[in-house]
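Asks: Dumping the structure here so I can ask a few things about it.
The values are calculated or read from the model by the stated rules, or taken from the named source; none is laboratory data. As the structure is a computational prediction, the values presented were derived from the model and not from experiment. Cβ coordinates were reconstructed from backbone atoms using ideal geometry, including for glycine residues, and neighbour counts include every protein chain displayed. Please note that ligands, DNA and RNA were not included when accessible areas were found on the heavy atoms of the full protein model with its side chains. Shrake-Rupley method; radii C 1.70, N 1.55, O 1.52, S 1.80 Å.
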Amino acid sequence: MQYIVSLGAGEEQVFGIKTAISSGLKVIAFDIKECDYNIVKPDIFYQVSIHEKEKIAEILKQYDICGVLPSPVGRNITTVGYLNDYFGLKGPSFYACDTCSDKLKNNQYLEKINLPFPKIYDIDNIVFPALLKPRFGSGSRNVQVVYNKKEFEDIYNSYDNSYGEYLIQEYIQGVEYGCDIILRDGNIDLINIRSKQLTQEPFRQETAYMMPADISHTDFNIIKNTLSAYILNLNVQDAVFNADIILSDDKAYIIDISPRAAGLNIISKFVVLCYGFNIYEYYINILLNKPNKPVTIPKDKYALLEYITYENITINKTVDIKKLREKYNILYIESNIMEGTFMGKIVNSFDVLKRGYYIIESNSLDELSKRNNDILNELTGGNNESIRY
């Protein structure tokens, strides 16, 4: 029996673990926290921090492992690369994982291979507006646009060291997209481009996704060519990637990229429900040298994942979620709102996630937009002022 490794045994890993088990593999999971078997049931569990690369490798020597699930967030992805190199497995190398998950190294790599990149400023030579962000992954927390020196100093001095070193980066203004990429035998397939809805500056938190993005053939090729150049120069043969791209002045800026599957709600709900495509299943087939069916993206259907991201209002009604789902043909909904709750300003991804979200689809962008606004208005008791799509 072959085993696959999950670095983490929490909510973010549940979907990948369940997919692996349904594919006939046994799962060995590692996590610093005790495993909650009510939400996930790996076959073997070790209470070991996923930062302890060498210790994990020593434990895994006794098992016949076929690969590592591409689910760790931020710098934790480097353990995936370490294990792949150590055991000679398919998947991203340590170099690829290290380059992608370190925003300073990522910028240096972009410059080296002649791709567009946002400048990184010295603290004494900032051109405003600028973007202040952690060097390593933070789940979009503590990412903020700053407009002048005094504002920068006030914000910078207020940060603790929760996310380590901070970078001061050129603020690239343009339209932002999310991308899912599959690499097999050195061949790249850009399977999905999502457009994003963001909060107003200065925090720029993601609040909605629409797929496929309504972009021109030219813009699609700009994004694909940029991502292809980036990934192929990493000398990786097999992997999945997700990336955030900003299109500006006919250039694609890779502002974030990682050899892992995209966020949990996107991969386990949004893409699966609307496209019938499980990227973990596809990746496991790559690891096992099994064939995959071609990924087909319907061109006449639009899908929207909308977080319930109203701000600075008090909810004045209780919503019957079951009736709402039936009335608006909602594919999936999670709502954590309660009557009488005051919902404040959105400043980080936690503020977005805790409100809940829903997924809808339509053959028409206009109909999708109208239905979305109707749903938001019902959820907020008519207080919603954030009109989208």
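Asks: If you scan region 282-318, which residues turn out to be open to solvent by less than 30 Å² (accessible area, probe 1.4 Å), over 20 Å from S362 (Cα atoms) and assigned to a loop (DSSP other than H, G, I, E, B)?
Replies: Step one: of region 282-318, the residues open to solvent by less than 30 Å² (accessible area, probe 1.4 Å) are 283-287, 303-310, 313, 315.
From what's left, over 20 Å from S362 (Cα atoms): 283-287, 309-310, 313, 315.
If the condition is that a residue be open to solvent by less than 30 Å² (accessible area, probe 1.4 Å), over 20 Å from S362 (Cα atoms) and assigned to a loop (DSSP other than H, G, I, E, B), then T309, Y310, I315 are the ones that fit.
Asks: Would you confirm, using the coordinates I've provided, whether Q169 is touching a Pro at 6+ places or on another chain (Cβ under 6 Å) and closer than 24 Å to S349 by Cβ? Can you show your working first?
Replies: Numbers: touching a Pro at 6+ places or on another chain (Cβ under 6 Å): yes; closer than 24 Å to S349 by Cβ: yes.
It is true that Q169 is touching a Pro at 6+ places or on another chain (Cβ under 6 Å) and closer than 24 Å to S349 by Cβ.
Asks: Filter the strands (runs of 3 or more DSSP E) completely within region 1-59 down to those with at least 3 residues that are over 23 Å from V240 (Cβ atoms) and modelled with pLDDT of 95 or more. Can you show your working first?
Replies: On the way: elements: 3-7, 26-30, 44-46.
Qualifying strands (runs of 3 or more DSSP E): 44-46.
Asks: Do you know which residues across region 15-53 are under 19 Å from the mean Cα position of the chain (by Cα) and open to solvent by less than 20 Å² (accessible area, probe 1.4 Å)?
Replies: G16, I17, T19
Asks: Looking only at residues that are in contact with an Asp or Glu (Cβ under 7 Å, 6 or more places away or on another chain) and closer than 25 Å to V145 by Cα in region 182-204, which one is modelled with the lowest pLDDT?
Replies: For region 182-204, the residue satisfying everything is L198.
Asks: Continuing with the same structure: Being open to solvent by 20 Å² or more (accessible area, probe 1.4 Å) and either in contact with a helix residue (DSSP H, G or I) (Cβ under 8 Å, 6 or more places away or on another chain) or modelled with pLDDT under 95 (or both) is the filter here, so list the residues in region 218-232 that pass it.
Replies: none
Asks: Here is a follow-up. Can V145 be described as within 24 Å of E311 (Cβ to Cβ), at pLDDT 90 or above and either open to solvent by less than 20 Å² (accessible area, probe 1.4 Å) or in contact with a helix residue (DSSP H, G or I) (Cβ under 6 Å, 6 or more places away or on another chain) (or both)? If you could, list the steps in order and put the result at the bottom.
Replies: Values: within 24 Å of E311 (Cβ to Cβ): yes; at pLDDT 90 or above: yes; either open to solvent by less than 20 Å² (accessible area, probe 1.4 Å) or in contact with a helix residue (DSSP H, G or I) (Cβ under 6 Å, 6 or more places away or on another chain) (or both): yes.
So V145 fits the description; yes.
Asks: To continue, here is another question. If you check I346, I359, I333, which single one turns out to be β-branched (V, I, T), under 26 Å from E11 (Cα atoms) and assigned to a loop (DSSP other than H, G, I, E, B)? Quick ask: steps written out before the conclusion?
Replies: Numbers: I359 fails: assigned to a loop (DSSP other than H, G, I, E, B); I333 fails: assigned to a loop (DSSP other than H, G, I, E, B).
After applying the criteria, what remains is I346.
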